[in-house]
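Just below is one structure, and these are the notes that go with it.
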Amino acid sequence: MNAKIEKAQILVVDDAKDTLEVIQRNLKSKDYSVLTATSAPEAISILESTHVDLVITDLKMPKVDGFDLIQHVRDNYKDTEVMMITGYPSIEGAVKAVKMGADEYLVKPFTDEELFTAVKRSFEKLSLQRTSYKVIEKKPVTYQGIIGDSEPMLKVLNAIKRAAATTATVLISGESGTGKELVARAIHYNSKRASAPFIPVNCGAIPEELLESELFGYIKGAFTGADHSQAGFFQTADGGTIFLDEISETSISTQVKFLRVLQDGEIFMVGSRRPVRVNIRIVAATNKDLHSLVTKGIFREDLFYRLNVIPIEMPPLRERGNDILLLLNHFAEKLSQEAGKPPPNFSVKALGILKNYYWPGNVRELENVVQRLIVMTDGDIIDVPDLPSLMRFSALKGKGLNRTLAEIETEYILNVLENVGGNKSKAAEILGIDRKTLRLKLQKMQSD
């Protein structure tokens, strides 16, 4: 986030003219616009006629002191930050200043660097607050359930519209939780196939020994227990779109069968030697680098190029800027309504943490966090202590280099599990491993 607000206006208030001159000169050297006042009444007069981004006020002044000025600013100007400076420091004074709304508290004499750092922090908070108000109050850009107007998402939306106008195969790539299925649905429901079925298939969730019969169907007597013929997902999707999620998890033999569908528009039901014609569009998705898997011989090169006619790359949430705040507001309103509660407000510090968090689970993780906050928080304001522990500062995390790799891995796995409410399937997706591997790791943790 850019902490510098374009040509920010600062009002410095101090009854000592020498102090005013020094602070004014230093701040102007950093390209700030600086106004000065030698009393609180003079400062109030300036505030009434001029927009000020930051007020820096002395504590001890005749008639009306710095505490009264802070109170006046807080009661009348919601878009202005306040910093107090004093040559008479005390714990009581600092506590009172903070309680009344001062964002920074500097003790004279302070260095130029201390001044610049405090001003920078004040503008960082103001910038986040203004961004939050601007983003949350505006109506978000939505398209078929997809929310976001960051530059990366606008590229995705443009690609969706172009893909929907064709019949070409689409390959959607991106981390788990970025919304790949939403993109596939948007393509289908804006295409000429919109009135036909959209069939999503998670290839990674179906055991390999069942995948072929689930995808292509089987005829009566094909195997023990096949007492009737059963259509597969490809036949169910006939005329429409089949969405093959986690296609990288399929075996080479299954990939050969996908290739036949793409080349000839035919499938073979398990146990049958007669081809069945299908008219479908394939949209595939992966959270892995398929090209890398091709070089390793894990994924067929000819299938990769057949799928990758129209590639769409889903950006991770951490690269979507203010979309995080848009989605936060959307989920807060939606989930609060479902819970029968009014939407919560978020403190500026909480918003800052949420916006700058890494979000390994992307949009799905954000939705889970908001749901947890709504359920577990009683007040109408969500602050930093309400956030999941992995987002908050902990002195214990300072152990850093003293911990083994196994300890760090254990902590991260447990944090992810906590963040998704113990859902092992979602945790495995975020961690980039399968459920079996996660289960083995958890068993090892319990035995250690």
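Structure remark: mean-square fluctuation, Gaussian network model of the chain, C-alpha springs under 10 Å; the largest value among Asp14, Asp31, Asp53 belongs to Asp31.
So which residue, out of Ile247, Ile160, Ile433, gets the largest mean-square fluctuation from a GNM of the chain using Cα contacts under 10 Å as springs? Maximum among the listed residues: Ile433. Among Lys257, Lys220, Lys180, the residue with the largest mean-square fluctuation in a Gaussian network model of the chain, with springs joining Cα atoms closer than 10 Å, is Lys220.
Near Val64, once Lys and Arg are set to +1 and Asp and Glu to -1 for all other residues with Cβ below 12 Å from its Cβ, the sum equals -3. Using r as the Cβ-Cβ distance of Glu114 and Glu333, and R0 as 45 Å, what FRET efficiency do you calculate, to the nearest 0.05? Computed FRET efficiency for Glu114 and Glu333: 0.60.
Helix 323-339 and the long axis of the chain differ in direction by around 80°, with both axes built from C-alpha atoms.
Out of Leu354, Val12, Val201, whose Cα points farthest toward the positive end of the dipole of the chain (charges: +1 Lys, Arg; -1 Asp, Glu; placed on Cβ)? Of the listed residues, the answer is Val201. For the range 169-289, the Kirkwood estimate of hydrodynamic radius, built from reciprocal distances between every pair of different alpha carbons, is 14.8 Å. The translational diffusion coefficient of the chain, from Stokes-Einstein at 25 °C and 0.890 mPa s with a Kirkwood hydrodynamic radius over alpha carbon pairs, comes to 94 µm²/s. Against the chain, whose longest principal axis comes from its Cα atoms, helix 435-447 is set at around 60 degrees.
If the chain between Asn190 and Asp289 were fully stretched, how many nm would it gain, using 0.36 nm times the residue separation less the Cα-Cα distance?
Values: separation 99, 0.36 × 99 = 35.64 nm, distance 2.75 nm.
The span from Asn190 to Asp289 would gain 32.9 nm if fully extended.
The residue list Leu373, Thr57, Gln255 was ranked by how far each Cα lies along the charge dipole of the chain toward its positive end, using unit charges on Cβ atoms, and Gln255 comes out on top. Dipole magnitude of the chain about its Cα centre, charges +1 at Lys/Arg Cβ and -1 at Asp/Glu Cβ only, in debye to the nearest 20? So the dipole magnitude of the chain works out to roughly 1420 debye. Rounded to the nearest 10 degrees, the angle from helix 252-264 to the longest Cα principal axis of the chain is 80 degrees. A simple charge model with +1 on the Cβ of Lys and Arg, -1 on the Cβ of Asp and Glu and nothing else charged puts the dipole of the range 228-291 at about 320 debye relative to its Cα centre.
The distance between label points at His228 and Asp65 comes to 8.6 nm (points 7 Å beyond Cα on the Cα→Cβ vector). Mind running the shape call on the range 256-390? Use the C-alpha gyration tensor, a ≥ b ≥ c as the square roots of the eigenvalues: rounded below 1.5 for a/c, prolate if a/b tops b/c, oblate otherwise. Here the range 256-390 falls in the prolate category. Spin-label model, Asn345/Ser253: points 7 Å from Cα along the beta carbon direction are separated by 6.3 nm. Here the calculated FRET efficiency for Lys30 and Arg392, from their Cβ-Cβ distance with R0 = 45 Å, stands at 0.90, rounded to the nearest 0.05.
Using 1/(1 + (r/R0)^6) with R0 = 60 angstrom and r between the beta carbons of Gln9 and Glu209, what's the FRET efficiency to the nearest 0.05? It would help to have the intermediate numbers written out before the result.
Working: r = 70 Å, r/R0 = 1.16.
Plugging the Cβ-Cβ distance into 1/(1 + (r/R0)^6) gives 0.30.
Bear in mind these aren't lab numbers, they're just calculated from the coordinates by the rules spelled out. The structure presented is a predicted model; accordingly, all values stated were derived computationally and were not measured. Don't worry about glycine lacking a Cβ; one is built from the backbone with ideal geometry, like all the others, and counts go over all protein chains shown.
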